[in-house]
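Take a look at the structure set out below.
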Amino acid sequence: ELLQEMIPFARREDIYGLDEQINDIETNLYNPLRKQKGEPMNTLLAGSPGVGKTFVGSYFASQRDVLTVPLPIQFLDNFEHFSAPILSRIKNAFDIPVVILVEDIEGLLEAGISVDSTGQMSQIIDPKAKSRALSLLERMQDTYKIYLLCSLNHPDVEAAFLRRFNTIYFPLPSPDQRRF
């Protein structure tokens, strides 16, 4: 109930045309956590704004057998000192797997855009931020057994970062999806 105040839950019947994406999330993240069998994978929902990434994330937040907590990206900066101890205590006390739902995860890399004199754009990533982000992702999964379900608007992100996720692409909505 507290989580629903933070993010309105979507119902499965409210989501149209994203069955393949939902099945991929179920198969690679939620089912291994529920069954405690197999290796869950951090999951990255990639696509343009407005294609349903947050909506699908809110559907998974509504499920009661895996605690899916929506957190702003800023909470990951202080994860080990603030969020990890709290989430670990909840995880252990209730014997429930934990997934953190984060929008716009590319902010973790503190990336910027550079434009050269010809108008060519390229991404600039702070090497220290990249190192911190990659280290944090590994510790979350290996040390705390807490996984991520994240959204990303621009899939042109550092390859080392993307390798730590099962990336699921959300295409632009079809005419049927828009009508629905």
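The values are calculated or read from the model by the stated rules, or taken from the named source; none is laboratory data. A quick note: this is a predicted structure, and the numbers were derived from the prediction, not measured. Virtual Cβ from ideal backbone geometry, glycine too; neighbours counted across all protein chains shown. Ligands, DNA and RNA are stripped out before the accessible areas are found, and what is left, the full protein with its side chains, is counted by its heavy atoms. Shrake-Rupley method; radii C 1.70, N 1.55, O 1.52, S 1.80 Å.
Output the number of residues of region 133-180 satisfying the condition of being without any contact (Cβ under 8 Å) to a residue 12 or more places away in the chain, open to solvent by 50 Å² or more (accessible area, probe 1.4 Å) and either on the phi > 0 side of the Ramachandran plot or not acidic (Asp, Glu) (or both).
6
Looking only at residues in region 89-105 that are more than 14 Å from residue 30 (Cβ to Cβ) and open to solvent by less than 30 Å² (accessible area, probe 1.4 Å), which one is farthest from the chain's Cα centre (by Cα)? Show your work before the answer.
At the first step, the residues of region 89-105 found to be more than 14 Å from residue 30 (Cβ to Cβ) are 89-95, 102-105.
From what is left, the residues that are open to solvent by less than 30 Å² (accessible area, probe 1.4 Å) are 102, 105.
Values: 102: 5, 105: 7 Å.
Only one residue fits best here, namely 105.
Hey, can you tell me all the residues within region 9-26 that are among the β-branched types (Val, Ile, Thr) and out of contact with any Leu (no Cβ under 9 Å at 6 or more places or on another chain)? Even if it seems obvious, please write down each step before you answer.
Let us first name the residues in region 9-26 that are among the β-branched types (Val, Ile, Thr), namely 15, 22, 25.
15, 22 - these are the residues of region 9-26 that are among the β-branched types (Val, Ile, Thr) and out of contact with any Leu (no Cβ under 9 Å at 6 or more places or on another chain).
Out of all the residues in region 30-39, is one or more open to solvent by 10 Å² or more (accessible area, probe 1.4 Å), under 16 Å from residue 144 (Cα atoms) and either part of a loop (DSSP other than H, G, I, E, B) or of a type in the set (D, E, K, R) (or both)?
Within region 30-39 (the criterion being open to solvent by 10 Å² or more (accessible area, probe 1.4 Å), under 16 Å from residue 144 (Cα atoms) and either part of a loop (DSSP other than H, G, I, E, B) or of a type in the set (D, E, K, R) (or both)), the answer is yes, since at least one residue qualifies.
Quick one: how many residues across region 68-109 are without any contact (Cβ under 8 Å) to a residue 60 or more places away in the chain, of a type outside the set (S, T, N, Q) and not in a helix (DSSP H, G or I)? Write out each step before concluding.
As a first pass, look at region 68-109 and keep what is without any contact (Cβ under 8 Å) to a residue 60 or more places away in the chain: 71-75, 77-78, 80-83, 85-96, 98, 100, 102-104, 106-109.
So of that shortlist, the ones also of a type outside the set (S, T, N, Q) come out as 71-73, 75, 77, 80-82, 85-87, 89-91, 93-96, 98, 100, 102-104, 106-109.
Still in the list and also not in a helix (DSSP H, G or I): 71-73, 95-96, 98, 100, 102-104.
Residues that pass the stated criteria total 10.
List the number of the failed condition for residue 26; all other conditions in (1) assigned to a loop (DSSP other than H, G, I, E, B); (2) surrounded by 13 or more Cβ atoms within 10 Å (Cβ to Cβ) hold.
(1)
The conditions are (1) open to solvent by 40 Å² or more (accessible area, probe 1.4 Å); (2) out of contact with any Ser or Thr (no Cβ under 8 Å at 6 or more places or on another chain); (3) modelled with pLDDT under 85, and residue 75 fails exactly one of them. Which is it?
So residue 75 meets the others, but not (2).
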